[in-house]
Each structure stands twice: as C-alpha cells, then as structure tokens.
1. Spot the failing condition for residue 127; the list is (1) touching a residue at least 40 places away in the same chain (Cβ under 8 Å); (2) within 19 Å of the chain's Cα centre (by Cα), and only one is missed.
2. What number of residues in region 204-247 are part of a helix (DSSP H, G or I), in contact (Cβ under 8 Å) with a residue 24 or more places away in the chain, over 19 Å from residue 314 (Cβ atoms) and open to solvent by less than 60 Å² (accessible area, probe 1.4 Å)?
3. Which of the residues belonging to region 273-285 are within 13 Å of residue 144 (Cα to Cα), surrounded by fewer than 24 Cβ atoms within 10 Å (Cβ to Cβ) and not β-branched (Val, Ile, Thr)?
4. With the requirement that a residue be open to solvent by less than 10 Å² (accessible area, probe 1.4 Å) and farther than 22 Å from residue 128 by Cα, what does region 1-15 give you?
5. Do you know which residues across region 332-359 are hydrophobic (A, V, I, L, M, F, W, C) and surrounded by fewer than 21 Cβ atoms within 10 Å (Cβ to Cβ)?
6. Out of 68, 18, 46, 42, I need the residue that is open to solvent by 10 Å² or more (accessible area, probe 1.4 Å) and at pLDDT below 85. Which one?
7. Considering each of 293, 288, 265 in turn, give the residue that is aliphatic (A, V, I, L, M), under 13 Å from residue 201 (Cα atoms) and either without any contact (Cβ under 8 Å) to a residue 60 or more places away in the chain or surrounded by 15 or more Cβ atoms within 10 Å (Cβ to Cβ) (or both).
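The values are calculated or read from the model by the stated rules, or taken from the named source; none is laboratory data. It should be emphasised that the depicted structure is a prediction, and the values quoted were computed from it without experimental measurement. When we count neighbours, we look across all protein chains shown, and the Cβ atoms used for this are built from the backbone with ideal geometry, even at glycine. Heads up: the accessible areas ignore ligands, DNA and RNA and are worked out on the full protein's heavy atoms, side chains in. Shrake-Rupley method; radii C 1.70, N 1.55, O 1.52, S 1.80 Å.
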Amino acid sequence: MRILLAGGGTAGHINPALAIANYAVSKDKNTKILFVGTKRGLESTLVPEAGYDIKYVNVQGLSKKLTLDNIKSFYNMVTAKGKCKKIIKEFRPDVVVGTGGYVCAPAVMAANSLDIPTLIHEQNVFPGSAIKLLSKKSTVTAISFDDSRAYLKDAKNILFTGNPIRPEILSCNREKARQSYGITNEKLVLIFGGSLGADAINSVALEYIKSLSVSDGVRVLFATGQRNYDDVINKAKSMKLENLPFAQIVPYIHNMDEAMNAADVAVCRSGAITVSELCALSKPAIFVPSPNVTNNHQEYNARALSDSGAAITILEKDFNFVSLKTALNSILTDDSKLEQMQIQSSKVGTTSALNIIHSTLTELAKN
C-alpha cells in the first residue's frame, strides 16, 4: 500500500500521522510512505527524524477578512493544491491521509479532485477549520471523540476511531512503574503542563505541595517544563519545599509512559493526545484547559470527559489552590469515586485507533 500523509504545524497534528505511518509499516514492510508538509512547521524536523521522506509546499491559514495577507494566503493555497496534485501523480498513493493543520487542506483537496480515496483524522472534540472544510468531500472523516459528530453535520462519512495511542503507553506495567517511583500504598498525583510547562499550573502546584504532609499518604510528581524549572525551584526553596520525601519536582518527564501508569490522578492541560492517553489507561484527571488555543478546543476536550464523569474541568481563571485542593481531595479521599471515574474514563477512551485506521485504509486502497 502507498500512503501519502499530510499534517503539520504542531506535534498534535504530526505525531498521529507518524503513528499511522509507523503502524502501517509494522503491518507490511513493503508499505510506501510519503509526507507533505511545510518548512515552517515541526514536521520539517519530526518527519525526517522518523526516517520518512517529505515534500514541502508553501501554505498558511486563511482568515475571513479581506486583507492583503489573506489574498496572499489564498494564492498560496491554490498554488499548494497544484503542487500537491503533482506530488500525488508522481507518488501514486493508494490513499491520502490528512491529520489537520493548514497543509492538510491542499493535499486532501488535491486527492479528492483526482478521485484518490481520502481519510482525514480529527484529534480534538471541536474540529479544526481544515477538517470541517475537508469532511464534506473526503471519503472518511475519522473522529477521536463521539461528541465531534455534532460539529461535523455536513461530513460525507464519519468513523469513530479514537486517537492513536503510543504502544509504550499500553505495554507499561503499572506495578513496576509504581515500584520505580518507590510507591507502595500512597496515591500518586501527576502534575504537568506540557513540554513547555504552564505558569498557571506551576504556581498552584507549589501551594498544593505546601499543604501536604507525609501522613496524607499522597505523593506528587510535578513537571514544571524546561523553561520554568529554575524559577519554580527557586520559589520552592523560598517556600521550604525542597527535598520533601513526598514530592518530586522535575523539569520534564522523559518516561511519561511510566508516570501515567503509576499515577492515580493527573492534573494537566487537555490537549487531545494527553486526554486520549489518560483515557486509554482509565485515569481520572483534573483538566485546566489552555485558553490560548485555536477555537478553545482544549475546553471542548475537557468538557467531553467531565460531562461523562471521567474528569473534573477547572478553567484557568478559576484555577487556584482552593479549587485544586477541593477537586483532588474529592477524588483521593473517596475510593468509590476514584473507581467510578476510572470506569467512565475507560468508556471514553479507546486503544484500537491505529488498527481501525489501518483497516480502513486497507479497504479504501482496494477500491
């Protein structure tokens, strides 16, 4: 099978595409893969590092206002679609996959115009503008949350797949993971704000740690983000929080597979992949959606879980020591609630996304 994948800008769009590519190659070593991306996006480094070829086009987002920049963007979009047609004719894919981002649009539009089967994948509850547009003509629109159906009413064909989950997450053993952190009967709270960290989460996390004592039976693993680590450590020292036996403060968690498996509850942002990985492991969460994302999609992701009882959503404007302590205590001191949240989380999550997507691509390639 020959697969052309287009997705870019952020890791949230690129990593699912890479996961799909890796899974396809693992199923059949004769699978041929080609990516389409931009030189500005993270795909320009992540895709070559993964060992795949990539072709570049120049494209950027369109706004609804008539400006000189938007006229230029429209011109680049038309030009990029033409270049994608050329790439498709040269590569001759059996199917084209789009995982979001601006570069997804010209590649999938080109494939649709050439009658090449297409599958587009939306990672978030609230679809991005590219996915919304493309869903009208794409062969299959794959969604990661069932709530997305309400926002894709014009889609030609919707298929629930879930988000691709890294195999390492699923293969990690919880007991061994907890042993690696020296945890026995304590409850582990995992706090992180993404690879860069989140100031709003960091300051409140220190206050929460300060409120704890060994007798609470709670352990905290807190990742500050690389850029914030020195500031957080200096503040922790001023609060006399360094070297506490029940709290570990690190700049970044390299073994997130172990950390998530070992945790009893997570406090974090609600990016699509983070949400899906926590659900795949049936982990309750307290989500603090980032307010600085397109279409406020993190809040939609968080609400999808909190509405089902799998999580608690606290908006950043309402996130403080009291709201965090209250939310965590409601979970950590009530085993029946913790268990119920685990059950609800498992209902939202799925671990078979890659298998479903690959099976669908195989069927599309036959037609």
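1. Exception for residue 127: condition (1).
2. Of the residues in that region, 3 qualify.
3. From region 273-285, those within 13 Å of residue 144 (Cα to Cα) are 273-277, 279-280; that's our starting set.
Restricting the remaining residues to those that are surrounded by fewer than 24 Cβ atoms within 10 Å (Cβ to Cβ) gives 273-274, 277, 280.
277, 280, listed by residue number.
4. 3
5. Answer for region 332-359, where residues must be hydrophobic (A, V, I, L, M, F, W, C) and surrounded by fewer than 21 Cβ atoms within 10 Å (Cβ to Cβ): 332, 338, 343, 356.
6. When all the criteria are applied, what remains is 68.
7. On the way: 293 fails: under 13 Å from residue 201 (Cα atoms); 265 fails: under 13 Å from residue 201 (Cα atoms).
When all the criteria are applied, what remains is 288.
Yes or no, residue by residue, for (1) β-branched (Val, Ile, Thr); (2) within 22 Å of residue 305 (Cβ to Cβ):
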site	(1), (2)
184	yes, no
200	no, yes
204	yes, yes
209	yes, no
214	yes, no
224	yes, no
227	no, no
245	no, no
257	no, yes
